[in-house]
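Asker: Quick one: the structure is below, questions incoming.
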Amino acid sequence: MERFVDLIQDKKNGKELSDETIREMIASFTKGEIPDYQMSAMLMAICFTGLNDRELTTMTLAMRDSGKVNDLSAIRGIKVDKHSTGGVGDKTTLIIGPIAASCGIPIAKMSGRGLGFTGGTIDKLESIPGFHTDLSTADFYDAVKEIGICVNGQTEDLAPADKKIYALRDATATVESIPLIASSVMSKKLASGSDCIVLDVTTGNGAFMKDYDQALALAKKMVTIGHHAGKKTIAILTSMEEPLGYAIGNNLEVKEAIQALHGQGPEDLMTVCYTLAAHMISLGKDISFEEAKAEAMESVRSGKAFETFTAMVQKQGGDVSYILHPESFPVSPIQADITASRSGYVAHIDTEGVGIAAGILGAGRSKKEDDIDPCAGIILHKKLGQYVQQGESLATLYTSKETLLSPGIHHLERCFEISETPSKIPALIGDCITI
Ligand code: URA
């Protein structure tokens, strides 16, 4: 490889990097042969000058190959993975995984923990007493073969280049770069080994990508990478202008997911879940979206999706009695409501703020090492466009620590705007990107 400083200079000047250079850069950085300060400068240059589709695909594949790539060939059928770019109250994996699996789509899902204002699927599942997300690879594959679905934690050897690069990005203000986000997400998806990928690209004030056009650009880049990597990939834009459903916080969200699997979830959550599940089933079975959606809805109506979720919980060591009797989940001892200061329509919800408030109450972590409180969080009582009387409850806060309650209330109170006239509610489902 040329001197790395010259490559930084090239990228800074907007030149293309060769495939060989990119592969060497990722391999050398993963091995610790490129110092952090030089890699940080390269990432900053990429932030400013971008990567073309060839460079982006090569970088993503090199990041995928920096660790172990799952070989799911021993599991029969077309495996479909799903990824969300994150949001508040986003419990879709808990619902659409079992729906798709009960329709015959094998789901071998590796998920992450939450950090910052969005919760992680692994934390949500671990709020079910006994649930394990650290299965060995052999047990993970066996669970998918037997039940049709397993949701396991991301292993250390899954795209380690991404882990190292992400740590630098976090410390050098280079997280918000479309090619860097696209390569980060897709390197992990490709290493997870499924045949098809459905991407839920969230947008709005509670999403990573606040701006719709930026989210669309990210969706297009990720679909392009998937296509070049030989995977059928589809991205759907969904709104995060308010939390998804009413529950935010780990076991609160599991309870709402159980309601949804019984067909009784909040309307917005059911709509997003049926849309995403239908795309997964459509890709996996090569049938139309409408046929796939009908199958998804029937799996919920017949109870098959709920049975699959229950079987998954049992297989992963969880205590199924909580799934059958969700009222037995532990409930936070300390609760309080925030109420409307005036009558009117809910005109705006600071969704990220709601996520941060739930984190303050103990539902999230600000550092990787932090513990989370499985019962902490927020149940909303009003969502966008709904009418509220002065003094009526907007939301209930749950926490196990008295000291966290006032800061949580203080933060959440500022998240709601109430107006005299109803405002326009943004569309929940946006563009669908395929190649
Ligand atoms: N999620 C990821 O996995 N990577 C990013 O860069 C941003 C969000």
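The values are calculated or read from the model by the stated rules, or taken from the named source; none is laboratory data. In this text the structure is predicted, and so the values were computed from the model without any measurement. Backbone-built Cβ (ideal geometry, glycine too); neighbour counts: all protein chains shown.
Asker: Can you give me the ranges of the helices (runs of 4 or more DSSP H) entirely in the range 216-302 with at least 1 residues that are over 30 Å from Leu397 (Cβ atoms) and of a type in the set (A, V, I, L, M, F, W, C)? Let's see the steps before the verdict.
Answerer: On the way: elements: 250-261, 267-285, 289-301.
In the range 216-302, the matching helices (runs of 4 or more DSSP H) lie at 267-285, 289-301.
Listed here are the residues, each with its yes/no results for (1) among the acidic types (Asp, Glu); (2) touching a Pro at 6+ places or on another chain (Cβ under 7 Å); (3) under 16 Å from Asp162 (Cα atoms).
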| site | (1), (2), (3) |
| --- | --- |
| Glu20 | yes, no, no |
| Glu24 | yes, no, yes |
| Met63 | no, no, yes |
| Ser73 | no, no, no |
| Lys79 | no, yes, no |
| Ile105 | no, no, no |
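Asker: Can you find a residue that is assigned to a loop (DSSP other than H, G, I, E, B), surrounded by fewer than 24 Cβ atoms within 10 Å (Cβ to Cβ) and within 20 Å of the chain's Cα centre (by Cα) anywhere in the range 347-355?
Answerer: As a first pass, look at the range 347-355 and keep what is assigned to a loop (DSSP other than H, G, I, E, B): 350.
If we keep only those that are surrounded by fewer than 24 Cβ atoms within 10 Å (Cβ to Cβ) as well, we get 350.
Still in the running and within 20 Å of the chain's Cα centre (by Cα): 350.
Yes - at least one qualifying residue is present in the range 347-355.
Asker: Can you name the number of the only condition in (1) modelled with pLDDT of 95 or more; (2) aliphatic (A, V, I, L, M); (3) surrounded by fewer than 19 Cβ atoms within 10 Å (Cβ to Cβ) that Ala101 fails?
Answerer: Evaluating Ala101 over (1) modelled with pLDDT of 95 or more; (2) aliphatic (A, V, I, L, M); (3) surrounded by fewer than 19 Cβ atoms within 10 Å (Cβ to Cβ) leaves (3) as the failure.
Asker: Separate question: Show the residue pairs that are 6+ apart or on different chains and have beta-carbon atoms under 8 Å apart, the first residue being within the range 154-167 and closer than 17 Å to Met25 by Cα and among the hydrophobic types (A, V, I, L, M, F, W, C), the second being away from the ligand (no atom under 12 Å from the Cβ) and assigned to a loop (DSSP other than H, G, I, E, B).
Answerer: Ala159/Ser66; Ala159/Gly67; Ala161/Ser66; Ala161/Gly67
Asker: Hey, another quick one. Taking the range 402-435 as the region of interest, how many residues are within 17 Å of Ile248 (Cβ to Cβ) and loosely packed, with under 15 Cβ neighbours inside 10 Å?
Answerer: 3
Asker: Is it the case that Ile147 is away from the ligand (no atom under 14 Å from the Cβ) and either within 15 Å of Gly67 (Cα to Cα) or out of contact with any strand residue (DSSP E or B) (no Cβ under 6 Å at 6 or more places or on another chain) (or both)? I'd like the intermediate steps shown before the answer.
Answerer: Numbers: away from the ligand (no atom under 14 Å from the Cβ): yes; either within 15 Å of Gly67 (Cα to Cα) or out of contact with any strand residue (DSSP E or B) (no Cβ under 6 Å at 6 or more places or on another chain) (or both): yes.
Spelling it out, Ile147 is indeed away from the ligand (no atom under 14 Å from the Cβ) and either within 15 Å of Gly67 (Cα to Cα) or out of contact with any strand residue (DSSP E or B) (no Cβ under 6 Å at 6 or more places or on another chain) (or both).
Asker: Residue check: is Ile178 within 11 Å of the ligand (Cβ to nearest atom) and more than 28 Å from Pro374 (Cβ to Cβ)? So that I can check it myself, show each step before the final result.
Answerer: Values: within 11 Å of the ligand (Cβ to nearest atom): yes; more than 28 Å from Pro374 (Cβ to Cβ): yes.
Criteria met by Ile178.
Asker: Can you tell me how many residues within the range 68-81 are in contact with a Ser or Thr (Cβ under 8 Å, 6 or more places away or on another chain) and either away from the ligand (no atom under 14 Å from the Cβ) or of a type in the set (A, V, I, L, M) (or both)? Even if it seems obvious, please write down each step before you answer.
Answerer: Step one: filter the range 68-81 for residues in contact with a Ser or Thr (Cβ under 8 Å, 6 or more places away or on another chain), giving 68, 70, 72, 79-81.
If we keep only those that are either away from the ligand (no atom under 14 Å from the Cβ) or of a type in the set (A, V, I, L, M) (or both) as well, we get 68, 70, 72, 79-80.
Count: 5.
Asker: Residues in the range 200-212: is at least one over 17 Å from the mean Cα position of the chain (by Cα) and modelled with pLDDT of 95 or more? Explain how you work it out, then say what you get.
Answerer: To start, the set of residues in the range 200-212 that are over 17 Å from the mean Cα position of the chain (by Cα) comprises 211-212.
Among the residues that remain, those that are also modelled with pLDDT of 95 or more are: 211-212.
Yes, there is a match, as at least one residue in the range 200-212 is over 17 Å from the mean Cα position of the chain (by Cα) and modelled with pLDDT of 95 or more.
Asker: Taking into account only those residues within the range 1-54 that are surrounded by 14 or more Cβ atoms within 10 Å (Cβ to Cβ) and basic (Lys, Arg), which is nearest to Ala159 (Cα to Cα)?
Answerer: Arg23
Asker: Follow-up question, since we're still on this one. Name the single residue, out of those in the range 83-98 being within 14 Å of the ligand (Cβ to nearest atom) and not hydroxyl-bearing (Ser, Thr, Tyr), that is surrounded by the most Cβ atoms within 10 Å (Cβ to Cβ). Full working, then the answer.
Answerer: Just the residues of the range 83-98 that are within 14 Å of the ligand (Cβ to nearest atom), to begin with: 83-87, 90.
Filter again for not hydroxyl-bearing (Ser, Thr, Tyr), leaving 83, 86-87, 90.
On the way: His83: 21, Gly86: 23, Gly87: 28, Asp90: 30.
Checking each candidate, the answer is Asp90.
Asker: Applying the selection to the range 99-144, what residues are in contact with a Leu (Cβ under 8 Å, 6 or more places away or on another chain), among the polar types (S, T, N, Q) and more than 16 Å from the ligand (Cβ to nearest atom)?
Answerer: If the condition is that a residue be in contact with a Leu (Cβ under 8 Å, 6 or more places away or on another chain), among the polar types (S, T, N, Q) and more than 16 Å from the ligand (Cβ to nearest atom), then Thr133 is the only one that fits.
Asker: So for the range 382-397 (the condition being in contact (Cβ under 8 Å) with a residue 60 or more places away in the chain, in a loop (DSSP other than H, G, I, E, B) and touching a helix residue (DSSP H, G or I) at 6+ places or on another chain (Cβ under 6 Å)), does at least one residue qualify?
Answerer: Taking the range 382-397 and keeping what is in contact (Cβ under 8 Å) with a residue 60 or more places away in the chain, we get 383-384, 396-397.
Remaining after also requiring in a loop (DSSP other than H, G, I, E, B): 383-384.
Those left that are additionally touching a helix residue (DSSP H, G or I) at 6+ places or on another chain (Cβ under 6 Å): none.
No, the conditions are met nowhere in the range 382-397.
Asker: Quick one: in the range 227-239, of everything that is surrounded by 24 or more Cβ atoms within 10 Å (Cβ to Cβ) and not aliphatic (A, V, I, L, M), which residue is farthest from the ligand (Cβ to nearest atom)?
Answerer: Selected residue: Ser239.
Asker: Select from the range 190-210 the residues that are within 9 Å of the ligand (Cβ to nearest atom) and either under 19 Å from Gly97 (Cα atoms) or among the acidic types (Asp, Glu) (or both) and list them in ascending order.
Answerer: The answer is none; no residue qualifies.
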